């Protein structure tokens, strides 16, 4: 048995250290490192009403503070401290905490330490000791602007890189999923001139129709894909009985025609809040796969959907008795344009869209599959 | 057109298999045409087929982008076959060429001795004729 888990947590922890643009109203976080407690006290006392001030007497304390409170945007540091200097400290955090803006506080400076501070410490400003409040406020405001600009830039760069990677994959798949069927249809049209037999012609028209439908489905799932990437959530109370009822009626026809038993079991006690659209997308894709990838030779074909809503989270199981997923493929099934099977060709969008929708709802998905026996998807979604 | 070849068509698209097969039937006489929608299965059938059973030279019309085993993988596996089996076959890549195809991949596939040429879909009489002249 193989299993794979996709959860939204990596993305969340990733965004931890960067600024959330919606929360700009929060106080700017400032760290001040100085070996003299009086300086720290004075600094905090005069600035605490406007800024969130953290202080540290030693470099290890400062490092612990940076670790514990992500989102510190400006760091002030005294140059002359016992043991290591301010420059040493700034140099040390250059790689681990590249984003916060560094400002050197110093009473005494020679040319050499200025050069070191700029070249090694990568500092933004010098402020002379004893400091005037206006200088400090000016430095924080300017530093924070710089910090925000750099943070936003790195978020944008990551988004851009991701969009670019997907575009690359997209360009690659277009040839197969759009130009491919088009070339097939064009070939069929060319051939139509030569075909005399009406039955052969009808067979070809039937295959042409299948190709057109496949292309249409591809375009529709592309639409889903873009909606998921850009859309905002519309949170409402979710009635799972009603939602699953919709699917029950949609799939009952398919269930009869293909001889696949379809059972649902729903238990919902409390109120569950989420967005209908991504939930529909998740269930529709997984159910359609569960019906599509049945073992044609099997006698007891079934699809089972179980929904359990408890303690503000919903757990959904979608089980099928289908062909299963190859162990070496299971880690890749959620990737864009990945296809595991040649019997029934999909668009390569389906499970990727499912994953995106689950991440959007802060949920997790797990898959367990045994080849030739069946696959179970387990989805957990928190109430929002 | 009278020719002494048989054809194997490997393409994951049902419509493309149908069109290529019908086209070959209409343009040639007395040839065997076998179609496969799965390259792995095609490979197996070719492997089982001993030379004595099938003395007619066979042209394999091969699509490139297929799920599971794609055209590139097929050629790589096919190249590992014994020489006396391979000498009976010529591969012609029949595919949709787009800018998304990596030129290095296309170039590489042509370096295999069993690969004869690349033809852009759909197949026409002119393209078939020039393929048959080359083979």
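Summed over the range A:131-179, the residues that are within 14 Å of chain B (Cβ to nearest Cβ) and either in contact with a helix residue (DSSP H, G or I) (Cβ under 8 Å, 6 or more places away or on another chain) or modelled with pLDDT of 90 or more (or both) give a count of 2.
Would you mind stating whether residue A:218 is touching a residue at least 12 places away in the same chain (Cβ under 8 Å), under 25 Å from residue B:14 (Cβ atoms), within 23 Å of the chain's Cα centre (by Cα) and part of a helix (DSSP H, G or I)? Yes.
Can you tell me which residue within the range B:1-43, out of those that are part of a strand (DSSP E or B) and more than 15 Å from the chain's Cα centre (by Cα), is farthest from the other protein chains (Cβ to nearest Cβ)? The qualifying residue farthest from the other protein chains (Cβ to nearest Cβ) is B:2.
Residues of the range A:1-35 that are surrounded by 12 or more Cβ atoms within 10 Å (Cβ to Cβ), modelled with pLDDT of 50 or more and in a loop (DSSP other than H, G, I, E, B): A:28, A:34, A:35. Taking the listed residues B:113, B:82, the one that is more than 14 Å from chain A (Cβ to nearest Cβ) and either within 16 Å of the chain's Cα centre (by Cα) or surrounded by 13 or more Cβ atoms within 10 Å (Cβ to Cβ) (or both) is B:113, with no other qualifying. Scanning the range A:99-108 for residues that are in contact (Cβ under 8 Å) with a residue 40 or more places away in the chain, in a helix (DSSP H, G or I), farther than 30 Å from residue A:218 by Cα and more than 14 Å from chain B (Cβ to nearest Cβ) turns up nothing.
Counting only strands (runs of 3 or more DSSP E) wholly contained in the range A:246-323, the ones carrying 2 or more residues that are surrounded by fewer than 20 Cβ atoms within 10 Å (Cβ to Cβ) and free of Cβ contacts under 8 Å to residues at least 60 places away in the same chain occupy A:261-268, A:302-310.
The values are calculated or read from the model by the stated rules, or taken from the named source; none is laboratory data. Computed from a predicted model, the values in this text were never measured in an experiment. Because the Cβ atoms are built from the backbone with ideal geometry, glycine has one as well, and the counts that use them run over all protein chains shown.
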